[in-house]
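The values are calculated or read from the model by the stated rules, or taken from the named source; none is laboratory data. Because the structure is a prediction, the values reported are computed rather than measured. Using ideal geometry, Cβ is built from the backbone for each residue, glycine included, and neighbour counts are taken over all protein chains shown. Note: areas computed on protein heavy atoms with side chains; ligands, DNA, RNA excluded. Shrake-Rupley method; radii C 1.70, N 1.55, O 1.52, S 1.80 Å.
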Amino acid sequence: MSDRITQLREDFDRELAAVASDTEAGSLRDRWVGRKSGLLTAEMKTLGKLSPEERKTAGAKLNELKNSVEVAIDGLLGSFAAKREAEQLAKERIDVTLPGRRIQAGHLHPITLLRQKIEDIFVSMGYEIEDGPEIETHFYNFDALNIPENHPARSPQDTFYLTEHLALRSQTSTMQIHAMQKRQPPLRVAAPGRVFRRDTPDATHNPMFYQVEGLLIDRGITLGDLKGTVEEFVRRLFGLETRTRFRPSYFPFVEPGAEIDYTCFKCGGGGCRVCKGSGWIEMGGSGMVHPNVLRVVGIDPEEFSGFAFGLGLDRLCALMYGLDDIRLLYENDVRFLEQFS
Ligand code: DAH
């Protein structure tokens, strides 16, 4: 009997080693310890034929084998379940270090960013922001601004004429007239917008570009107010250490007129690539509003005076963002535009 049990154990171990699934393990269990036809169950039944002595030892051994069969099958089922769980976990594993998917968001155009910054500065200095027409009569674009009949700016080589009487505005100075017609002095207005000139496009020119016009009219306004305002404006835009200088110049709608330069925001005035080594960057034109311009809109130049200044945004934008060609601003290339925010 002892040999037989050893043989049975060997058989079982061999069969156990070949089991590859839960179902096979179930069949193995039925085959060996199934209540009806299990090999060991049948073996138990033969014990009755043995002598009481033999029955005792053989019974104990058979029971032991039966238990170890149960334990082995349970163990195998357990290891199958653990393997399945491990596989499931591996499959569902989330890599929390993986970067998330970026949501595509739009970007403001660099000119818009600069324009908003400038508008904020004007508003903080008490100016109203005004928008006006891009198509103008000669009155607003030239006559009211004291620009003489024979002035080169009126030439069709410089200005886009639409009809005999209408043209695309060539400067935001037109907004000075609109602003003064709309309000009574004292007034402070800033007008950003697009202007148009028949320039051949190149790295620093585009037939359409942006300007901002500032206008202030009040009693007793002097050149000192213009200088102080421009200085403050430039400091708010580029930083407290920025200095300005005024170079006498001529514009028909101001007297006296001056061009404004400010110390380079990159090198602070020492000279670098941005300011082409001079330490200064040109900002735009300015001056005290010409009495003729005040008279056109019915303001008495004896009672009121004021100043105006205008600056171009495109070259400034190019300098600030390190662009070597302002045409990039108008090509609508998303790869370019999405770099700004
Ligand atoms: N409108 C001028 C231009 O486009 C710039 C300018 C010069 C504006 C003098 C002003 C000013 O307000 O006072 O070149």
Return the pair list, or none, for Cβ contacts closer than 7 Å from residues in the stretch 284-307 that are in the same structural domain as HIS178 (by TED's automatic domain parsing) and closer than 18 Å to GLU231 by Cα to residues that are more than 14 Å from the ligand (Cβ to nearest atom) and open to solvent by 20 Å² or more (accessible area, probe 1.4 Å), at least 6 apart or on different chains. GLY306/ASP218
For the stretch 198-221, what are the residues that are of a type outside the set (D, E, K, R) and either away from the ligand (no atom under 15 Å from the Cβ) or without any contact (Cβ under 8 Å) to a residue 60 or more places away in the chain (or both)? THR200, PRO201, ALA203, PRO207, GLY220
Residues in the stretch 160-179 that are more than 15 Å from ASP143 (Cα to Cα) and either open to solvent by less than 20 Å² (accessible area, probe 1.4 Å) or touching a Gly at 6+ places or on another chain (Cβ under 9 Å) (or both): how many? 1
Any idea how many residues of the stretch 305-333 are open to solvent by less than 20 Å² (accessible area, probe 1.4 Å) and either of a type outside the set (Gly, Ala, Ser) or more than 16 Å from the ligand (Cβ to nearest atom) (or both)? 10
Among the candidates LEU108, LEU113, residue that is open to solvent by less than 100 Å² (accessible area, probe 1.4 Å), outside any helix (DSSP H, G or I) and in contact (Cβ under 8 Å) with a residue 60 or more places away in the chain: LEU108
So LEU8 clears everything in (1) buried (at least 16 other Cβ atoms within 10 Å of the Cβ); (2) among the aliphatic types (A, V, I, L, M); (3) within 60 Å of the chain's Cα centre (by Cα) except one condition, right? Which one? (3)
Is it true that VAL234 is part of a strand (DSSP E or B), under 21 Å from LEU313 (Cα atoms), β-branched (Val, Ile, Thr) and open to solvent by less than 20 Å² (accessible area, probe 1.4 Å)? no
Name the single residue that is farthest from the ligand (Cβ to nearest atom) among those in the stretch 251-266 being within 24 Å of TYR321 (Cβ to Cβ) and open to solvent by 30 Å² or more (accessible area, probe 1.4 Å). LYS266
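For ILE217, indicate whether it is open to solvent by less than 30 Å² (accessible area, probe 1.4 Å) and part of a loop (DSSP other than H, G, I, E, B).
It is false that ILE217 is open to solvent by less than 30 Å² (accessible area, probe 1.4 Å) and part of a loop (DSSP other than H, G, I, E, B).
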Has the stretch 239-250 got at least one residue that is within 16 Å of the ligand (Cβ to nearest atom) and over 29 Å from ASP218 (Cβ atoms)? no
Yes or no: LEU319 aliphatic (A, V, I, L, M), over 22 Å from SER170 (Cβ atoms), assigned by TED's automatic domain parsing to the domain that holds PRO201 and assigned to a loop (DSSP other than H, G, I, E, B)? no
Of all residues in the stretch 186-197, which are open to solvent by 20 Å² or more (accessible area, probe 1.4 Å) and either in contact with a strand residue (DSSP E or B) (Cβ under 7 Å, 6 or more places away or on another chain) or more than 10 Å from the ligand (Cβ to nearest atom) (or both)? PRO186, ARG188, ARG194, PHE196
Just to check your reading of the model, which residue among GLY228, GLY287, GLY224, GLY269 is at positive phi and either away from the ligand (no atom under 13 Å from the Cβ) or part of a loop (DSSP other than H, G, I, E, B) (or both)? GLY269
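Give me the residue from the stretch 145-159 that is within 13 Å of the ligand (Cβ to nearest atom) and closer than 17 Å to PRO291 by Cα and, out of that set, surrounded by the most Cβ atoms within 10 Å (Cβ to Cβ).
Restricting attention to the stretch 145-159, the residues satisfying the condition of being within 13 Å of the ligand (Cβ to nearest atom) are 145-147, 151-153, 158-159.
Still in the list and also closer than 17 Å to PRO291 by Cα: 145-147.
On the way: LEU145: 24, ASN146: 19, ILE147: 20.
Applying the filter and picking the extreme gives LEU145.
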Go through (1) touching a strand residue (DSSP E or B) at 6+ places or on another chain (Cβ under 7 Å); (2) open to solvent by 50 Å² or more (accessible area, probe 1.4 Å) one by one and return the number of the condition ASN141 breaks. (2)
Which of the residues belonging to the stretch 80-105 are surrounded by 10 or more Cβ atoms within 10 Å (Cβ to Cβ) and of a type outside the set (S, T, N, Q)? PHE80, ALA81, ALA82, LYS83, ARG84, GLU85, ALA86, GLU87
Scope the stretch 116-169; condition without any contact (Cβ under 8 Å) to a residue 60 or more places away in the chain and hydroxyl-bearing (Ser, Thr, Tyr); matching residues: THR137, TYR140, SER155, THR159, TYR161, THR163
Exactly one condition in (1) under 15 Å from VAL212 (Cβ atoms); (2) among the acidic types (Asp, Glu); (3) surrounded by 19 or more Cβ atoms within 10 Å (Cβ to Cβ) is false for ASP131; which is it? (3)
